[in-house]
Amino acid sequence: MPAYVIVGMQWGDEGKGKIVDYLTKYAEIVVRHQGGNNAGHTVVVDGKQSILHLIPSGILHEGIVCIVGNGTVLDPAVVIDELDSLNAAGYATAGRLFFSDCAHVIMPYHKALDKAQERFRGKNRIGTTGRGIGPCYADKADRMGIRMGDLVNEAVFKEKLGAILEYKNGVLEKVLGETPLQFDEVFDEYRGYAGQLRPYVADAVKLVHDAVAADRRIIFEGAQGAMLDLDHGTYPYVTSSTTVSGGVCAGAGVGPTNVDGVIGIVKAYTTRVGEGPFPTELTDQVGEQLRREGNEFGATTGRPRRCGWFDAIQLRRAARLNGMTAIVMTKPDVLSIVDPIRICTAYNINGSVTHDFPTSLEALENAVPVYEDMPGWNEDISACRTWDDLPEKAQRYFERIEELLGVPVCTISVGPGREQTIERIDPFSISACGTMRGMTPEPA
Ligand code: GDP
Ligand code: IMO
Ligand code: MG
């Protein structure tokens, strides 16, 4: 170590929460730098499941400092709920959890606008989580946001809310035909939240800088996944933040030189929740089996996740977008029920075969996957704890993925539990410097 980014390489829900929790034993500080409570990160410790939406997944380790950075968007009611459930479960948060004073606050009009915009989009809806994420980031870019530092300063909050609400009510009422919000109600509600959150609000950028200067071991916990990135994902079917590893720099306030490596969380098959293109989607019985066996239902909204085969074309794109230095493979245990196991190694788009992930949505919608079949291992692997415990056919699957992506599979997760993890190569031993330039992936 000291500073590694952990990011999702597909369309989210790769198992980032489980892996951040697992790897936190090697860290001192865990930082969330983007996204909001659209995320749902599941951690299972001693059979007990916790779902974290905003607070870093390192919080379940005693004494670990957790920071929620300036690049995030915070819904105070959700934050307080999460704090309450953690405290009730015996996890102390005071003095070791900090929310950036520059993080933007999700307001009631953001949630109302999110829902109204989805209705307006009709058949072109994005399938957002309805948590107000897009409108909050839009206000940030529009310089009309309220930040945590504003929220906890009552006079500043009152003034900003008054001016902004007048404008937002105009949009809600006159443009979208929605009910306007009452100033007093919003002000009183949020003043209450401010009272509870004030002790946690801090200059998070300085905290991160101090940690970097002291050579502390830091994990940056990504939310969502590469294909949901605002610039690089399947736009407009994306979220509104920078989900690729580069987002750490702006969202936590560090330079690229402060990041030592990028650990990509890669699910052994693919899932997506919400609308948008998904070339390897399985709408048949196999997709259904993967959903059932993998318990693929949204941790935030409970929606069934769309399931499909592993897509090496999508992942090669993600590997480069993120500068991925190590792969953590999750959920191969789910594949024990399928044989053969398919890997997409090319797309056929309107009759021409390509190994590149298209940037055009139309091309992606027309992409027909070209598959390579691998033999299934047909046995339960959830009790494996070392590489040698794994059936040879599973080892071959991971090795083939390494060849296709040009990045080593360092850690393998074989179940939701913290202990269901195989350490093969230390992902923190691989430094970003030169790795991606040195390893040439085999042409698919
Ligand atoms: P995240 O958003 O990337 O943190 O992922 P989610 O928590 O939304 O979804 C991952 C789901 O898979 C959760 O229910 C996890 O408990 C579960 N999970 C994580 N790793 C594994 C694994 O290796 N095998 C199985 N079977 N489940 C896993
Ligand atoms: P984690 O961190 C999976 C998806 C939504 C929708 C799109 C835009 O748990 O992997 P938004 O509410 O962000 O404006 O919705 O992004 N989405 C996710 N899908 N996992 C997530 O987070 C997601 N966060 C947002 O389903 O398609
Ligand atoms: Mg999730």
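The values are calculated or read from the model by the stated rules, or taken from the named source; none is laboratory data. Remember, predicted model here, so these are calculated numbers, not experimental data. Quick reminder, even Gly has a Cβ in these numbers, built from the backbone with ideal geometry, and neighbours come from all protein chains shown. What goes into the accessible areas is simple: the full protein's heavy atoms, side chains included, and nothing from ligands, DNA or RNA. Shrake-Rupley method; radii C 1.70, N 1.55, O 1.52, S 1.80 Å.
Quick one: ranking GLU185, GLU296, GLU403, GLU178 by accessible area, 1.4 Å probe, largest first, what do you get?
On the way: GLU185 125, GLU296 0, GLU403 85, GLU178 55 Å².
I get GLU185, GLU403, GLU178, GLU296, largest accessible area first.
How big is the charge dipole of the chain about its Cα centre, in debye rounded to the nearest 20, if each Lys and Arg gets +1 on its Cβ and each Asp and Glu gets -1 on its Cβ? Before the final figure, lay out each step's value.
On the way: 44 positive and 58 negative charges, 111 e Å.
It works out to roughly 540 debye.
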- Query: At GLU159 and ASP188, where each label point lies 7 Å from the Cα along Cα→Cβ, what is the point-to-point distance in nanometres?
  - Reply: 2.5 nm
- For helix 183-197, what angle does its Cα long axis make with the longest principal axis of the chain, in degrees from 0 to 90 and rounded to 10? 60 degrees
- Determine which residues of segment 184-217 fall in the zone a paramagnetic label at TYR167 would reach in this model, i.e. backbone nitrogen under 20 Å from the point 7 Å along Cα→Cβ. 184, 186-187
- How far is helix 392-405 tilted off the main Cα axis of the chain, in degrees rounded to 10, range 0 to 90? 60 degrees
- Query: When the chain is fully extended, how far beyond the present Cα-Cα distance does THR359 get from GLU293, taking 0.36 nm per residue of separation?
  - Reply: 20.6 nm
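Would you rank MET144, MET107 by solvent-accessible area, highest first, keeping every protein chain in place and using a 1.4 Å probe?
Details: MET144 50, MET107 0 Å².
Final ranking, largest accessible area leading: MET144, MET107.
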- Could you state how much accessible area TYR4 has, in square angstrom rounded to the nearest 10, with a 1.4 Å probe and all protein chains kept in place? 10 Å²
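First measure r as the distance between the Cβ atoms of ILE80 and VAL175, then evaluate 1/(1 + (r/R0)^6) with R0 = 25 Å and state the FRET efficiency to the nearest 0.05.
Values: r = 31 Å, r/R0 = 1.25.
So the FRET efficiency works out to roughly 0.20.
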- Accessible area (Å², per residue) of the chain, counting only protein heavy atoms and a probe of 1.4 Å: 40 Å²
- Once you list every other residue whose beta carbon is under 14 Å from the beta carbon of LEU207, what net charge do they have if Lys and Arg are +1 and Asp and Glu are -1? 0
- Probe 1.4 Å - accessible area at VAL171, Å² to nearest ten: 40 Å²
- Query: So, in Å, what gap is there between the alpha-carbon centers of segment 191-217 and segment 341-397?
  - Reply: 42 Å
- Please give the contour-minus-distance gain from THR283 to ASP210: 0.36 nm per residue of separation, less the Cα-Cα distance, rounded to one decimal in nm. 21.3 nm
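For the chain, which whole percent of the accessible surface, found with a 1.4 angstrom probe, sits on carbon and sulfur atoms?
Values: 8650 of 17620 Å².
Whole-percent figure for carbon plus sulfur exposure: 49.
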- Item | Label zone at ILE51, where the point sits 7 Å out along the Cα-to-Cβ direction: segment 398-423 residues whose backbone N lies under 17 Å | 416-417
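Could you work out the local net charge near THR234, counting Lys and Arg as +1, Asp and Glu as -1, over the other residues with Cβ closer than 15 Å to its Cβ? Could you put the intermediate results ahead of the total?
Working: positive: ARG125, ARG272, ARG306, ARG317; negative: ASP229, ASP231, GLU275, GLU281, ASP311, ASP356, GLU362, GLU365.
Summing Lys and Arg as +1 and Asp and Glu as -1 gives -4.
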- Rounded tilt (10° steps) of 204-213 against the dominant C-alpha axis of the chain: 50 degrees
